[in-house]
Amino acid sequence: MLNTTPSASAAFATLDANDIRDAQGKADELRTGNVRILQQIAQKKNPDSRISVVPIASGPLLSRYADAYEGMTTGDLERAIRRFWELGNCDRWARLNGSVQRNIYFGGREQVVLWGQDGEALLTNPSALIKGREAFNKRGVRISQTGTLPVTLYDGECVDKNAATVIPKDPAWLPAIWCFCSSNAFNVAVRNIDRALKVTTATLTKITFEFDYWQAEAAKRYPTGLPEPYSDDPNQWLFHGHPAFAEEGTELHVALVRIAGYRWPAEADTTMRLSGLARERIALADSLPGADADGLLPLHANGNDLPLADRLRVVLAAAYGAPLSPAQELALIRAADAKLDKKEARDATLEGWLADRAFRQHCILFHQRPFLWQIWDGMKDRSGSVSRYSVSVPLGGSPAG
């Protein structure tokens, strides 16, 4: 190698074994892989003159149309971050938009961050650092910075450091930018210039963006605009709270915690930006039978209380518009077992599900941070009227009443 300015015709040979994970595969690729010859001077045309083993398309960069921002550093994750259902009083906590594992319009909305009026509660920790304020209260795209770079829409919330926030310089460009960032073309373009496990925030907008093409794509896919906030996932604070429209396998759990008194943030916050469909389903959920007076849910008949299975059937009948047939009830039980236990149980009755599996599945559904508790005296025999019962401690969201 020579320490001289390369000539216009200078070239170099490349061989890329980065995508091969095992050592033997890399060794084989180095011996028999295809070698590319690239012009050295062409590398200077890449964003930041980055060396790439594949040709990079030329043209205007995404940075012409959008800015990318880092998220905040909390300094003490266990102190500063909670799941939204863990808190009874959320006055000092702000909703947090986090990372996602797949492309989804509205995901990453499981957590809240200790905030205060303007972040001062978080900044009592000297290790905390709030970045990305420029994105707050704007709309954009959140890009998780590992793997295939999955994305979700952003609606102005606080943001964590596991994803970057891309904000269009003109709000009218958001549909085009969303179409591009949610496509495989975006992942390929970014990975061509950054193969790191976690892509830097700056890299995300230093790729070619064919604005006219993606603008046309957005017009075809979203003729009336991007979807408005909505979720059927009980883990999201956008969730409408209606059991019949919850994600498959969670319907029984939603109905059960409603009896216990839990309500989702979207049900209580009339200022939250939501789709018309979400508001419609929130109104329907509000018309369902009310919560238990004291939050204590005996499995067996107790005083004026029906057995919990029968109380659950009453709520499900109201949610679905008619009493469920045995086949419909069985389908809901099997769906919960399949989603959360990954297997079928021998006892497929609603009574058996409540006694044996509901609490365990509740813990799984809510990431081992339960807000519905089961108290049990340890007896296997269910014939006694108080051998088992459940009690709700609605720590998060908005307890009914």
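If you place +1 on the Cβ of every Lys and Arg, -1 on the Cβ of every Asp and Glu, and leave all else neutral, what size is the dipole of segment 140-219 about its Cα centre, to the nearest 20 Debye?
Its charge dipole is roughly 400 debye.
Ignoring ligands, DNA and RNA, how do PHE359, PHE366 rank by accessible area with a 1.4 Å probe, largest first?
Order by accessible area, largest first: PHE359, PHE366.
GLN117 to ALA27: FRET efficiency via 1/(1 + (r/R0)^6), r the Cβ-Cβ distance, R0 45 Å, to the nearest 0.05?
My answer for the efficiency is 0.15.
Give the ranking of ARG142, ARG221, ARG95 by solvent-accessible surface, highest area first, calculated with a 1.4 Å probe.
The most accessible residue leads, giving ARG221, ARG95, ARG142.
Can you tally the net charge around LYS131? Count Lys and Arg as +1, Asp and Glu as -1, for every other residue whose Cβ sits under 11 Å from the Cβ of LYS131.
-1
Expressed as a fraction of 2.2 N^0.38 Å, the rule-of-thumb size for a compact globular protein of N residues, what is the C-alpha radius of gyration of segment 81-195?
1.12
I'd like the distance between the alpha-carbon centres of segment 101-148 and segment 280-300, rounded to an integer number of Å.
Here the two parts' Cα centres lie 32 Å apart.
What figure in square angstrom, to the nearest 10, would you give for the accessible area of ASP356 with a 1.4 Å probe?
60 Å²
With each pseudo-label sitting 7 Å past Cα toward Cβ, what's the ARG346-ALA172 distance in nm, one decimal?
For ARG346 paired with ALA172, the spin-label model returns 6.7 nm.
ALA283 versus ALA202, label points 7 Å from Cα toward the beta carbon: distance in nm?
That separation, rounded to one decimal, is 5.1 nm.
Using a Cα-Cα cut-off of under 15 Å, which aspartates and glutamates could be cross-linked to LYS131, ignoring same-chain neighbours fewer than 8 residues away?
Within the straight-line cut-off, LYS131 pairs with ASP67, GLU70, ASP118, GLU120, GLU157, ASP160.
Report the calculated FRET efficiency for ARG369 and ARG79 (r = Cβ-Cβ distance, R0 = 22 Å), to the nearest 0.05.
Efficiency for this residue pair is about 0.90.
How much net charge surrounds LEU174 when only the other residues with a Cβ under 10 Å from the Cβ of LEU174 are counted, with Lys and Arg +1 and Asp and Glu -1?
With Lys, Arg at +1 and Asp, Glu at -1, the net is +1.
Largest first, what is the accessible-area ranking of SER287, SER99 with a 1.4 Å probe?
Result, largest first: SER287, SER99.
Would you mind telling me the share, in percent, of accessible area of segment 190-301 contributed by carbon and sulfur at probe 1.4 angstrom?
After summing per-atom areas, the C and S share lands at 54 percent.
Report the FRET efficiency, 1/(1 + (r/R0)^6), for ARG360 and THR224, where r is their Cβ-Cβ distance and R0 is 41 Å, rounded to 0.05.
Calculated transfer efficiency: 0.45.
Report the gain in length on full extension from ARG64 to ALA268: 0.36 nm times residue separation, minus Cα-Cα distance, nm rounded to one decimal.
Fully extending the segment from ARG64 to ALA268 adds 69.5 nm.
Going down the table (LYS161/LYS339; LYS169/LYS198; LYS169/LYS206; LYS138/LYS161), which pairs top 23 Å between alpha carbons?
LYS161/LYS339; LYS169/LYS198
The values are calculated or read from the model by the stated rules, or taken from the named source; none is laboratory data. Since we're looking at a predicted model, the values are computed, not measured. Reconstructed Cβ throughout: ideal geometry from the backbone, glycine too, with neighbour counts over all protein chains shown. The protein model used for the area step is the full one, side chains on, heavy atoms only, and it has no ligands, DNA or RNA in it. Shrake-Rupley method; radii C 1.70, N 1.55, O 1.52, S 1.80 Å.
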